[in-house]
Amino acid sequence: MPKGNGDSKLVNEVMLMEAVDTILSGMQKMFDESNARLDKLEKKVDGLSDQVKDLDEKITVNDRIVNGKIKLIKSTSVSREEFEELREKVNKLEKSFASS
């Protein structure tokens, strides 16, 4: 039996129930706050996912544009062989003008 002045140091059922309710209430508050933070993070991640998707589409479009421009440049550029032939013709013309 506990020492002291009677029932004052004993924990009764009502006190235990109040303590358990307080602990459970505190835990519920922690879970609710955690869930709210996770919901905010989820919204941010979803937003980032949408931005990445948009960025990926823009990169794909830009890639197609750049590749198209490169193909256009390649198709309108003269080859080394063509350049050499043209240079020889110009040199011949220069010589013919110089000799006349």
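Nothing in this text is a laboratory measurement; each read-out follows from the coordinates by a stated rule. Computed from a prediction, not measured in an experiment: that's the story for all the values here.
A few comments on the model shown:
- Whole-number D in µm² s⁻¹ for the range 27-72, Kirkwood Cα-pair radius fed into Stokes-Einstein, 25 °C, 0.890 mPa s: 184 µm²/s
- Relative to the globular-protein estimate of 2.2 N^0.38 Å, the Cα radius of gyration of the chain stands at 3.32.
- Between Asn35 and Ile59, the contour length at 0.36 nm per residue exceeds the alpha carbon distance by 5.1 nm.
- Helix axis angle, 80-99 relative to the chain longest principal axis, alpha carbon, degrees: 30 degrees
- Axis of helix 13-76 versus longest Cα principal axis of the chain: the two differ by about 0°, to the nearest ten degrees.
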